[in-house]
Amino acid sequence: MSRSLWQALGAVVFALAVVAGAVTVTRAASASDVRPAPAPGRASSPGADSADAGFARDMAAHHQQAVEMSFVVRDRTDDPDVRRLAYDIANTQANQRGMLLGWLDLWELPKIASPDAPPMGWLGGHGSHADGAGAAEGLMPGMATRAQLKALGEAKGRAAEVLYLRLMTAHHKGGVTMAQGCATLCTVDAEKGLAQGMVDAQEAELKLMQGMLREREE
């Protein structure tokens with residue numbers, strides 16, 4: 001694996017960690033409040049139908065699947081590069097998921113959307129549905145289907161590595177679309193900053209995974 005690619009990815013992940021740390025400090029400073037202080041220029045916390053709440057709910061679910069797939073592949077291969085990538089994705093996205101759910105708690109909003117609400121409806125219908133089997137299962141863009149998750153759990157070695165990298169590539173592309181939407185539509189500065197950090201980190205990981213796939217498909 002190219003050392004420069006890992007170094008570049010490490011720099012992006014470090015920058016994202018700084019953003020996450022800043023948000024954590026901000027939350028800790030206001031822990032004594034019953035509700036978080038409104039963002040500048042806002043009369044209240046985001047509403048249940050806002051882009052802020054929709055992104056927090058949908059990305060938390062999206063991240064959860066990435067974490068699960070990463071733990072699965074770590075048990076299906078001994079390849080150090082794939083295991084390192086899987087660990088980085090699982091660790092980063094589990095932490096971000098906790099932040100997103102924490103914001104929903106602070107805003108006193110439900111963590112699960114209404115059953116009749118379309119996935120990513122907060123984006124106004126743009127990129128709100130997956131294609132093919134994913135759409136049939138009502139999944140968000142990039143989400144793996146039940147059949148794909150089953151196949152990953154049954155694969156071993158190089159086959160597991162290739163399938164994981166393909167599924168995670170699609171997953172990241174869907175995640176980037178969601179995060180770009182929040183960076184544009186969300187109104188809470190800390191959440192907008194986190195979303196942009198996700199875009200930067202996942203685009204860097206997409207480039208890394210492209211190279212890893214080429215090495216394993218040759």
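Straight Cα distances below 13 angstrom link Lys156 to the aspartates and glutamates Asp75, Asp78, Asp79, with same-chain residues fewer than 8 positions distant left out. Shown in residue order for segment 172-188 are the 3J(HN,Hα) couplings computed by the Karplus curve 6.51 cos²θ - 1.76 cosθ + 1.60 at θ = phi - 60°: 5, 4, x, x, 4, 4, 5, 5, 4, x, 5, 4, 8, 9, 5, 10, 7 Hz (x for Gly and Pro).
Amide H contacts of Trp107: none lie under 5 Å away among residues 5 or more positions distant or on a separate chain (H built 1.01 Å from N in the peptide plane; Pro and chain starts excluded).
Cross-link candidates for Lys150: which aspartates and glutamates have Cα within less than 13 Å, leaving aside residues fewer than 8 places away along the same chain? Counting by Cα, and skipping residues close in sequence, Lys150 has these aspartates and glutamates nearby: Glu68. The calculated FRET efficiency for Leu206 paired with Leu101, based on their beta-carbon distance and R0 = 25 Å, is about 0.50. Counting only protein heavy atoms and using a 1.4 Å probe, the accessible area of Leu185 comes to about 80 Å².
Taken along the Cα-to-beta-carbon direction at a fixed 7 Å, the label points for Ala159 and Ser44 span 5.5 nm. To the nearest 10, the accessible area of Asp200 is 70 Å² with a 1.4 Å probe. For segment 55-61, backbone phi angles converted through the Karplus equation (6.51, -1.76, 1.60; θ = phi - 60°) give residue-by-residue couplings of 5, 4, 5, 5, 6, 4, 5 Hz, Gly and Pro being listed as x. Modelled spin-label separation between Asp78 and Glu218, with each label point placed 7 Å from Cα along the Cα-to-Cβ direction: 2.2 nm. Surface listing: Glu191, Glu217 arranged by accessible area from highest to lowest gives Glu217, Glu191, probe 1.4 Å. Within a straight-line Cα-Cα reach of under 17 Å, Lys173 can be paired with the following lysines, leaving aside sequence neighbours fewer than 8 residues apart in one chain: Lys207.
The charge dipole of segment 78-218, taken about the Cα centre with unit charges on the Cβ atoms of Lys, Arg (+1) and Asp, Glu (-1), comes to about 240 debye, rounded to the nearest 20.
The values are calculated or read from the model by the stated rules, or taken from the named source; none is laboratory data. What you are looking at is a predicted structure, and each value in this text was computed from that prediction instead of being measured. As a convention, Cβ positions derive from the backbone with ideal geometry for all residues, glycine included, and neighbour counts pool all protein chains shown. The protein model used for the area step is the full one, side chains on, heavy atoms only, and it has no ligands, DNA or RNA in it. Shrake-Rupley method; radii C 1.70, N 1.55, O 1.52, S 1.80 Å.
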